[in-house]
Structures are given as C-alpha cells and as structure tokens.
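Below is one structure, written out as structure tokens; comments come after it.
The values are calculated or read from the model by the stated rules, or taken from the named source; none is laboratory data. As the structure is a computational prediction, the values presented were derived from the model and not from experiment. Here Cβ is always computed from backbone atoms with ideal geometry, including for glycine, and neighbour counts include all displayed protein chains.
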Amino acid sequence: MKGNPALDKNTVEFVTVAAEYIVFIGNSGEKEKEEFLDVLSKLLPLLYLKASMLPDTAPDGFYLEESVTEPEYDSVRSTLRAVLSDDDDYLEVFVEDMKYSDTPVVKSVSEDLADIYQALKNFIASYRSGLEEVMNEALSVCAEGFRTYWGQVLVNTLRAVHSARYRQDNDLEPGFYS
C-alpha cells in the first residue's frame, strides 16, 4: 500500500461516519425513540461497512490516551437506556456463555452502543492529533477492535435495533425478539 494508511480514502470515509456516530449518540437524549431507532438502523450498517474497508495496518506500540472517562461512558449508557426504555434488552446467541447455559443470555443495546461509542471516540480523539504515528496507531487499534470485538457487537445490536424499529411500525408489543 502506498502512502499513509491514516490518510487513505477508506480511512477518511470511516472517520467521517465514526464522527457522525459519536455526535448522534452524544445527542441521543434529544431524540424520540422512533427517530432514534430509524437513524440508528441506517447508521450502524454504514459504520460496519466503512470499518470493514479500513486498510490493514500494524500497531507500532504507541500508548494512546483514552478520551472517554468512566463517568462519560456511564452517562451515555444511561441516556441511551432511557431513550430505548423497554427496547433496551435483547436475547443474545453469539456469546461464548451460550454454549454452557440453559437460560438465554440477555444483553443491553445501550451498553453495546456505549461500547462502540467509547471505541470510536477514543479513536477519533487520537486521530485528530494530526501526528502520523499516533493516527496510524489509532487506526490499527480501532481496526483490531472492530475485528475482535465491537464489529460483532455492532451486528448483534443491529438485530435488536431492527426488531425494535420495525416492531414500532407494526404496533407490536415490546419485549424479547430475536
């Protein structure tokens, strides 16, 4: 690959979508649930697509500051939980614990979205430094996180968001839908 991976066209497009996600989640308390679910049902697939197109990079081992504090994470999560209300919990099947469990594993959309928010906001904060080494390290860490954690979290959450979004249109009762 020629040039700086942090300035690659696919990286720049991912940065744009990631920044949009951060702003959207940060302003989620101002949204009605129906509008929130509608936008999220479109934003999550776009985020997944753009993350899947990131260039391969190798980490250099630079230390990256985490910009999302625990109080900020908790605030985002609780705001999302309030917006989602009875559509926050969903049954998860793609977790290791399911193999050994006789009962369903319940996950939280708000926690999943907050986890993605944390990964992306930490990435954006480092990327905005403008320092090539830091930008490349942030890209490497974010891409690895996508492959090993938050990419799967995103698609699992999208299933729950889809169910809640289209159940709203059909006036179905809230609850556990898979």
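Residues in the stretch 107-127: is at least one in contact with a helix residue (DSSP H, G or I) (Cβ under 9 Å, 6 or more places away or on another chain) and at pLDDT below 95?
Here is the first cut: in the stretch 107-127, the ones in contact with a helix residue (DSSP H, G or I) (Cβ under 9 Å, 6 or more places away or on another chain) are 107-127.
Okay, now just the ones that are also at pLDDT below 95, so 107.
Yes - at least one qualifying residue is present in the stretch 107-127.
Could you check the stretch 114-131 and list, in sequence order, the residues that are in a helix (DSSP H, G or I) and at positive phi?
If we filter the stretch 114-131 for residues that are in a helix (DSSP H, G or I), which is where we start, we get 114-127.
Listed by number, the list is empty, since nothing qualifies.
Output the number of the condition that Lys99 fails; it satisfies all remaining conditions of (1) at pLDDT 90 or above; (2) part of a helix (DSSP H, G or I).
All conditions are met except number (1).
Would you be able to say whether some residue in the stretch 73-85 is in contact with a helix residue (DSSP H, G or I) (Cβ under 6 Å, 6 or more places away or on another chain), modelled with pLDDT under 95 and either basic (Lys, Arg) or over 23 Å from His162 (Cβ atoms) (or both)? So that I can check it myself, show each step before the final result.
Filtering the stretch 73-85 down to residues in contact with a helix residue (DSSP H, G or I) (Cβ under 6 Å, 6 or more places away or on another chain) leaves 73, 76-77, 79-81, 83-84.
With the extra rule that they be modelled with pLDDT under 95, the set shrinks to none.
Scanning the stretch 73-85, I find no residue that is in contact with a helix residue (DSSP H, G or I) (Cβ under 6 Å, 6 or more places away or on another chain), modelled with pLDDT under 95 and either basic (Lys, Arg) or over 23 Å from His162 (Cβ atoms) (or both), so the answer is no.
For Asn10, are the conditions met, namely being in contact (Cβ under 8 Å) with a residue 60 or more places away in the chain and surrounded by 14 or more Cβ atoms within 10 Å (Cβ to Cβ)?
Details: in contact (Cβ under 8 Å) with a residue 60 or more places away in the chain: no; surrounded by 14 or more Cβ atoms within 10 Å (Cβ to Cβ): yes.
Spelling it out, it is not the case that Asn10 is in contact (Cβ under 8 Å) with a residue 60 or more places away in the chain and surrounded by 14 or more Cβ atoms within 10 Å (Cβ to Cβ).
How many residues does the stretch 28-44 hold that are surrounded by 14 or more Cβ atoms within 10 Å (Cβ to Cβ) and touching a residue at least 24 places away in the same chain (Cβ under 8 Å)? Break it down into steps so the answer makes sense when it comes.
Step one: list which residues in the stretch 28-44 are surrounded by 14 or more Cβ atoms within 10 Å (Cβ to Cβ), which gives 28-29, 31, 33, 36-41, 43-44.
When the remaining residues are screened for being touching a residue at least 24 places away in the same chain (Cβ under 8 Å), the result is 28-29, 31, 33, 36-38, 40-41, 43-44.
So the answer is 11.
Please count how many residues of the stretch 4-52 are outside any helix (DSSP H, G or I) and of a type outside the set (Lys, Arg). Walk me through how you get there before you give the answer.
From the stretch 4-52, those outside any helix (DSSP H, G or I) are 4, 8, 27, 31-32; that's our starting set.
Now drop any that are not of a type outside the set (Lys, Arg), which leaves 4, 8, 27, 32.
Of the residues in the stretch 4-52, 4 are outside any helix (DSSP H, G or I) and of a type outside the set (Lys, Arg).
Does Asn4 qualify as being over 29 Å from Ser163 (Cα atoms), at pLDDT 95 or above and surrounded by 12 or more Cβ atoms within 10 Å (Cβ to Cβ)? Explain how you work it out, then say what you get.
Details: over 29 Å from Ser163 (Cα atoms): yes; at pLDDT 95 or above: no; surrounded by 12 or more Cβ atoms within 10 Å (Cβ to Cβ): yes.
Answer is no for this residue.
If we keep just the residues of the stretch 86-96 that are under 18 Å from Trp150 (Cβ atoms) and in a strand (DSSP E or B), which is modelled with the highest pLDDT?
Per the criteria, the residue is Tyr90.
What is the residue count in the stretch 115-160 for residues that are touching a residue at least 60 places away in the same chain (Cβ under 8 Å), among the hydroxyl-bearing types (Ser, Thr, Tyr) and closer than 23 Å to Glu72 by Cβ?
Initially, the stretch 115-160 is screened for residues touching a residue at least 60 places away in the same chain (Cβ under 8 Å), giving 116-117, 120-121, 123-127, 132-144, 146, 151, 154-160.
After this cut, where a residue has to be among the hydroxyl-bearing types (Ser, Thr, Tyr) as well, the list is 117, 126-127, 140, 157.
From what's left, closer than 23 Å to Glu72 by Cβ: 117, 126-127, 157.
Number satisfying all stated conditions: 4.
Report yes if some residue within the stretch 89-112 is in contact (Cβ under 8 Å) with a residue 12 or more places away in the chain, in contact with a Phe, Trp or Tyr (Cβ under 8 Å, 6 or more places away or on another chain), buried (at least 21 other Cβ atoms within 10 Å of the Cβ) and of a type in the set (Gly, Ala, Ser); otherwise report no.
no
Search the stretch 54-85 for residues being in contact with a Phe, Trp or Tyr (Cβ under 7 Å, 6 or more places away or on another chain) and under 23 Å from Phe146 (Cα atoms), and hand back the single one that is surrounded by the most Cβ atoms within 10 Å (Cβ to Cβ). Break it down stepwise before answering.
So the first thing to find is which residues in the stretch 54-85 are in contact with a Phe, Trp or Tyr (Cβ under 7 Å, 6 or more places away or on another chain), and the list is 54, 76, 83.
Narrowing the set further to residues that are under 23 Å from Phe146 (Cα atoms) leaves 54, 76.
Values: Leu54: 21, Val76: 24.
Among them, the one singled out is Val76.
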